[in-house]
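The structure appears right after this line, and notes come after that.
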Amino acid sequence: MKKVEELLSEIVVTERKGAVVNEVSGVESDSRQVKADYLFVAVRGVSVDGHTFIPQAIAQGARVVVCEEFPSELADGVMYVKVADSSIAFGLLASAWYGNPSRELTLVGVTGTNGKTTTATLLYEMFRSFGYKAGLLSTVCNYIDMVRVPATHTTPDPLHLHRLLREMVDAGCDYAFMEVSSHSAAQHRIAGLDFNGAIFTNLTRDHIDYHKTVEAYLKAKKSFFDGLPKGAFALTNIDDKAGMVMLQNTRAEKHTYSLRTMADFKARIIESRMDGMSLEINGKEVEVRFVGRFNAYNLLAVYGATCLLGQDPDEVLRKMSLLVPVAGRFQTLHSSRGYTVIVDYAHTPDALNNVLNTIHGVLEGKGHIITVVGAGGNRDKGKRPMMAREAVNLSDRVILTSDNPRFENPNDILNDMVAGLDAEQRRKALLQVDRREAIRMATQFAQPGDVILIAGKGHEDYQEIEGVKHHFDDKEEVEKLFAEEQA
């Protein structure tokens, strides 16, 4: 049990009605999960308004209701608390319920369209290599020090999020690194978090199905920086046109990184190979096991943040040389027949462009590129033709296939992609709705020296079809085909 006044101590309450309740046994925003003597928060969601479930929550045992509007009828024995924004209140209540765990950690958030997972994961790996216990909240997986916890969302709901942070504190973690999605910022899922630092990677078209406009998408990312406390650091990529926008209203210490211009943390690519590259960072050279300009940005952000968190720059470079790529991010597999397969999560036009240009830079015209790519169902339809154009313009052959069709007909998704191609471009593209067969076709086309890019799903080990997740792993499929080649 926890005292209600302690839970509400950092929340601006505009009005109270009903009974006086001193203690509650839990906090919840899902009425189905409410139990006896709970505090229920009525949150307005994207498709569901929690206020409509207040009667159900009370029926299940809620004694305190936090809401933006009082219901027309008040139940006996229930305390009603009115706030301006219940989603913000939920984050603060979740934090208070778990004893404000983020205040006991050095917490760094990473936001941007591309690079969040790699940057956050490498920071986690970096600080563990320095001997610290650390936690990670990412799209691929969450970690409480060395214990793996499956991830369901890029940024979990507030209760799940603060519970994980509490577990990190209890496990002795000093640091925590997390991806901050635009959805979580817009929905105030990060309310109640005490960040010590924030990193902005880049901003390109994504999630327009939710945000409606690129401006709204940018505003969601910026709100994360606007909310940083004084004393935290704000590290931004100034090569991106939105980079300086992130710093406009932040109270945090402002820092920059760049591959093109003067910045606090500056890098350039000296040499790039299929198995790594040589970088110069702030005047010193380092060999890394990553490929591509986009990874140079990710590593530079990791370097900058690690230095800002007090680590010795030379030691940071030494440990950076030992880091390895994140699963499903430019993951390279080599066939006994002499061709290479790259599995990558690239699921936006810009990410696809980055990966394909990276492959071109390494191949230097000495091999062909075969790209297998699709687009997700029930998401931004506007990027589908753009994805197809990027793939066709930068590949020698393209196989358009299923990604996660969700509740859409996969053939309709492919038709949307093909609609972005002219007659000449269509001659380079094949349609194969079965992703497994599409990957097999690509390996049959490949000759020694060629590169196959399988884009869009990366680390995901499923395909979501009609609400059901079926096991499917691009890397596994490639390895099965490699085994057949050697049989």
inquiry  = Return the Rg/Rh ratio of the range 371-482 with Cα-based radii and a Kirkwood Rh.
reply    = 0.95
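Let me check something: with ligands and nucleic acids excluded, how do R426, R166 order by accessible area (1.4 Å probe), largest to smallest?
R426, R166
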request  = Compute the Rg/Rh shape ratio of the range 279-359: radius of gyration over Kirkwood radius, all on alpha-carbon atoms.
outcome  = 1.03
query = Using Cα pairs under 8 angstrom and six or more residues apart, how large is the relative contact order of the chain, in percent?
reply = 10
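So if we plug the beta-carbon distance of S9 and L74 into 1/(1 + (r/R0)^6) with R0 = 22 Å, what FRET efficiency do we get, rounded to 0.05? Write down the numbers at each step before the final one.
Working: r = 24 Å, r/R0 = 1.09.
Given R0 = 22 Å and the Cβ-Cβ separation, E is 0.35.
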request  = Let me have the 222 nm mean residue ellipticity of the chain computed from DSSP H runs of 4+ only, each contributing -39500 (n - 2.57), with the sum over all residues rounded to the nearest 500.
outcome  = -9500 deg cm²/dmol
ask   = Carbon and sulfur: what percent of the range 9-68's accessible surface (1.4 Å probe)?
value = 48
message = Keeping all protein chains in place and using 1.4 angstrom, which order do I270, I190 fall into by accessible surface area, from largest down?
response = I270, I190
key: H255 accessible area, assembled protein chains, probe 1.4 Å, Å²   = 40
Unsatisfied cross-links (Cα-Cα over 20 Å) in the set K3/K35; K221/K254; K82/K222 = K82/K222
ask   = Ignoring ligands, DNA and RNA, how do M244, M387 rank by accessible area with a 1.4 Å probe, largest first?
value = M244, M387
remark   = Checked the range 112-170 against the a/c 1.5 cut and the a/b vs b/c comparison, axes a ≥ b ≥ c from its Cα gyration tensor; verdict oblate
query = Hey, how many Å between the Cα centroid of the range 405-440 and the Cα centroid of the range 258-323?
reply = 37
remark   = The Cα radius of gyration of the range 183-326, divided by 2.2 N^0.38 Å with N its residue count, comes to 1.10
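The values are calculated or read from the model by the stated rules, or taken from the named source; none is laboratory data. Source: prediction; values computed, not measured. Cβ: placed from backbone, ideal geometry, glycine included. Neighbour counts: every protein chain shown. Heads up: the accessible areas ignore ligands, DNA and RNA and are worked out on the full protein's heavy atoms, side chains in. Shrake-Rupley method; radii C 1.70, N 1.55, O 1.52, S 1.80 Å.
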